1. Taking into account only those residues within the range 187-196 that are within 9 Å of ligand 1 (Cβ to nearest atom) and either part of a loop (DSSP other than H, G, I, E, B) or not assigned by TED's automatic domain parsing to the domain that holds His238 (or both), which is farthest from Gln145 (Cα to Cα)?
2. Confirm whether Leu255 is out of contact with any Cys (no Cβ under 8 Å at 6 or more places or on another chain), farther than 24 Å from Ile332 by Cα and more than 15 Å from ligand 1 (Cβ to nearest atom).
3. Which pairs turn up if I take residues in the range 47-73 that are under 14 Å from Val30 (Cα atoms) and look for partners that are modelled with pLDDT of 95 or more and among the basic types (Lys, Arg) with beta carbon separation below 7 Å, at least 6 apart in sequence or on another chain?
4. Need pairs with beta-carbon distance below 8 Å; first residue assigned by TED's automatic domain parsing to the domain that holds Leu95 and in contact (Cβ under 8 Å) with a residue 60 or more places away in the chain and within the range 275-286, second open to solvent by 30 Å² or more (accessible area, probe 1.4 Å) and away from ligand 2 (no atom under 16 Å from the Cβ); sequence gap 6+ or separate chains.
5. Return the residues of the range 47-60 that are part of a helix (DSSP H, G or I) and either within 24 Å of the chain's Cα centre (by Cα) or closer than 20 Å to Pro8 by Cβ (or both); say none if nothing qualifies.
6. May I ask you to verify whether Thr233 is touching a Gly at 6+ places or on another chain (Cβ under 6 Å), of a type in the set (Val, Ile, Thr) and open to solvent by 20 Å² or more (accessible area, probe 1.4 Å)?
7. Only one residue in Asp371, Asp382, Asp387 is within 14 Å of Gly330 (Cα to Cα) and out of contact with any Pro (no Cβ under 9 Å at 6 or more places or on another chain), so which one is that?
8. Quick check on His76: is it within 27 Å of Ile197 (Cα to Cα), within 16 Å of ligand 1 (Cβ to nearest atom) and at pLDDT below 95?
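The values are calculated or read from the model by the stated rules, or taken from the named source; none is laboratory data. None of these values were measured; they are calculated from a predicted model. We place every Cβ from the backbone using ideal geometry, glycine too, and count neighbours over all the protein chains shown. With ligands, DNA and RNA removed, areas are computed over all heavy atoms of the protein, side chains included. Shrake-Rupley method; radii C 1.70, N 1.55, O 1.52, S 1.80 Å.
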Amino acid sequence: MTKRQDFPAVQTLLQQANLDTALKSIAEKVLNQQRLTPEEGVLLFEKGELGFLGTLANHVRERLHGDKTYFNRNFHIEPTNVCIFTCNFCSYSRLYKNKEDGWELSIDEMLDIVKKYDGQPVTEVHIVGGVHPKMNLAYFIELIQKISAHRPDLHIKGFTAVELDYMFRKAKVSIEEGMRILHDAGLQSLPGGGAEIFHPEVRAKICHDKVDGDGWLSIHKAAHQLGMHTNATMLYGHVEEFWHRVDHMERLRSLQDETHGFNTFIPLKFRNKDNDLSHIPETSIIEDLRLYAIARLYMDNFPHLKAYWPMLGRSTAQLTLSYGVNDLDGTIDDTTKIYSMAGAEEQRPAMNTAQLAMLIKQAGRRPVERDTVYNEIMDYTDVVFSDEELLAK
Ligand code: V47
Ligand code: SF4
């Protein structure tokens, strides 16, 4: 049996004479693996200092994963940035009436992107984009079937619940039917986008015209019921209050209790370049680290917590590994524009395997390549990389 004295960092924390009694009781609960209540979640946002939160979150992270830090080898396809919706935090989309300012890829153009990776050991393609009125269910079925036929070993993770909700409504199929059709065509899992903040009060202010929180959750539930795994995101640091964040995490935690279909929770920091919320200052790195830590403590039934390095930049991503995060997403290969257009540090996000593994090692953790559903492919801890691999552009 594990004994209290096995956790010296948390013990030291608990012995602090001036520790708030409510925070002390939360720390005890975390040690005893008891679930935090929404009130305790809000209290952590209000009162939890970075050191306190980090110590507890790192304890949970190491209990679940030790020093392992996962990444995968992936690339993105963004079929279009034309979008009928008007989320005011989005720097990426172009309205249909201005579609000549955006891009729209044909199925052949998207297959050409897949073919660029022939012979390379990528394991996942992540497909996500705007909601283009002419790219419908039939279009994406054809795309998925063609990718699967060309490269059956590639895991296809695609389409946010926002894209799926529109596709299904337009095709007049139920969520269950639509998910089954796409799954049969070769879609294997769903990314976590489009969740933003579920509470209608916040959605009314930042994304009033796309699928609501219940709709998002129903789509992920339908995917889980087919045995698919999915991710969940939370876009934070705009107009929401602390309790909205906790309400968001609570809804995800409840669905996870029911289905166990979520793999990863991915907090996404709002970036304010070139969008209609540019007047809102971005959160500080301290706030970001506090949020990751609270997410690790609150989302007790989510196996993984991911920091998306292209959005945070490499050094902040390294820091998150001490605040609950155990996954840094993938090599990406400069195939996504969502964050660079919103002002992220990484304007051309790409790292080769050696660079990503070294980034993790330099933060004192074990780099482990995974596939999309967290089967371990290779532990790189003892691999020595050449200067050529580490310096490659
Ligand atoms: O839903 C849009 C976010 C999401 C901004 O599942 C913004 O593995 C910050 O969900 N500032 C799409 N964020 C991307 C996404 C994702 C990314 C990486 C991995 C996975 C996964 C999923 O991007 C959108 C929205 O929440 N977003 N604009 C912005 N200005
Ligand atoms: Fe469209 Fe997605 Fe941008 Fe919203 S966040 S406007 S749904 S591309």
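1. The extreme case among them is Glu196.
2. Criteria met by Leu255.
3. So the pair list comes out as Gly48/Arg290; Leu53/Arg290; Ala57/Arg296; Val60/Arg296; Arg61/Arg296.
4. Cβ pairs passing all conditions: Ile286/Leu50.
5. Across the range 47-60, the qualifying residues are Leu50, Gly51, Phe52, Leu53, Gly54, Thr55, Leu56, Ala57, Asn58, His59, Val60.
6. No.
7. Answer to the selection: Asp371.
8. Numbers: within 27 Å of Ile197 (Cα to Cα): yes; within 16 Å of ligand 1 (Cβ to nearest atom): yes; at pLDDT below 95: yes.
Spelling it out, His76 is indeed within 27 Å of Ile197 (Cα to Cα), within 16 Å of ligand 1 (Cβ to nearest atom) and at pLDDT below 95.
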